[in-house]
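Engineer: I am attaching a structure below and will ask some questions about it afterwards.
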Ligand code: ADP
Ligand code: MG
């Protein structure tokens, strides 16, 4: 199996030398199934990474390991200088710095949009209600739906709900955002509004790791595209090179199927 990687430094429109996430020789098994193999990945602060690859290649598992929704069995994951171990203090610290948005928005249906956004800041961070509400309104404005604040999730479109999910994550003031196919469950006409929100976040310098099939988004904002197959990082490169000059046969095959 050839592993093609580029040692080229990221052209990073805004990435710094500071390291946000470092994964070193990480392996994970589900029972006897070796799902992630020798993963090495360094993400600089402000870098935008798009993770692509066929279904079942381990993309979700890899990003879920970064905030310990899944546990890795060997190697190291270091987030913002803190190594993820079974120490609960470390896990809490990392979770408080890493926001995540999923394909399914997972909003609380019995809470209003505003309450969805203030719940964790109030109960996990201990932020007073007034302040949590002001922050929530700030981020709801940012995702362009402040007028929906008092509605319930079921009253919103899928695209609006996903933007609420993004705003809700931002209310915890994360330093890193993980996205796992945030537009895959959306009707086509709603995909753009969610991507626009993500582009804006990227342009503001948020460190982002996004699993997505939206290759237009990858071209527009990614500093680096990572291609995974069968639990490995097969190839990574800046978007221009990745799309125009894929190195491995597996990447070529994948691109020929999705582009
Ligand atoms: P992707 O996100 O790239 O589609 P996943 O990370 O979801 O891939 O899954 C990678 C592989 O691990 C797949 O073969 C999947 O069936 C398997 N897998 C995912 N979650 C579990 C689990 N909780 N237990 C066992 N196998 C799993
Ligand atoms: Mg997945």
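This table checks each residue for (1) over 15 Å from the mean Cα position of the chain (by Cα); (2) more than 16 Å from ligand 1 (Cβ to nearest atom); (3) in a loop (DSSP other than H, G, I, E, B); (4) under 30 Å from residue 145 (Cα atoms).
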| site | (1), (2), (3), (4) |
| --- | --- |
| 35 | yes, no, no, no |
| 62 | no, no, no, no |
| 89 | yes, yes, no, no |
| 111 | yes, yes, yes, yes |
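Engineer: Another one. Can you name every residue in the stretch 149-193 that is closer than 13 Å to residue 106 by Cα, surrounded by fewer than 16 Cβ atoms within 10 Å (Cβ to Cβ) and in contact with a helix residue (DSSP H, G or I) (Cβ under 7 Å, 6 or more places away or on another chain)?
Structural biologist: The answer is 185, and nothing else.
Engineer: Just to verify a result, which residue in the stretch 113-129, among those that are farther than 18 Å from residue 148 by Cα and without any contact (Cβ under 8 Å) to a residue 24 or more places away in the chain, is surrounded by the fewest Cβ atoms within 10 Å (Cβ to Cβ)?
Structural biologist: 126
Engineer: Scan 89, 59 and give me the residue that is out of contact with any helix residue (DSSP H, G or I) (no Cβ under 6 Å at 6 or more places or on another chain) and more than 16 Å from ligand 2 (Cβ to nearest atom).
Structural biologist: Of the residues listed, the single one that is out of contact with any helix residue (DSSP H, G or I) (no Cβ under 6 Å at 6 or more places or on another chain) and more than 16 Å from ligand 2 (Cβ to nearest atom) is 89.
Engineer: Something else about it: If the Cβ limit is 8 Å and pairs must be 6+ apart or interchain, which residue in the stretch 52-69 that is within 22 Å of residue 246 (Cβ to Cβ) pairs with which residue that is assigned to a loop (DSSP other than H, G, I, E, B) and more than 10 Å from ligand 2 (Cβ to nearest atom)?
Structural biologist: These pairs meet every condition: 52/212; 52/213; 57/230; 57/231; 58/230; 58/231.
Engineer: Could you tell me which of the residues 94, 78 is in a strand (DSSP E or B), over 16 Å from residue 231 (Cβ atoms) and away from ligand 1 (no atom under 14 Å from the Cβ)?
Structural biologist: 78
Engineer: Still on this structure, please answer the following. Just to be sure, is residue 69 within 16 Å of ligand 2 (Cβ to nearest atom) and either surrounded by 14 or more Cβ atoms within 10 Å (Cβ to Cβ) or part of a helix (DSSP H, G or I) (or both)?
Structural biologist: Judged against the criteria, residue 69 is a match.
Engineer: Same structure again: Identify, please: which residue in the stretch 14-33 is surrounded by 14 or more Cβ atoms within 10 Å (Cβ to Cβ) and not in a strand (DSSP E or B) and is, among those, nearest to ligand 1 (Cβ to nearest atom)?
Structural biologist: 15
Engineer: From the residues in the stretch 167-185 that are closer than 19 Å to residue 117 by Cβ and within 16 Å of ligand 1 (Cβ to nearest atom), which one is farthest from the chain's Cα centre (by Cα)?
Structural biologist: The qualifying residue farthest from the chain's Cα centre (by Cα) is 182.
Each reported figure results from applying straightforward, stated rules to the coordinates on display, with no laboratory input. The shown structure was predicted, so the numbers you read here are calculated from the model rather than taken from an experiment. Every residue, glycine as well, gets a Cβ built from its backbone with ideal geometry; the counts of neighbours run over all protein chains shown.
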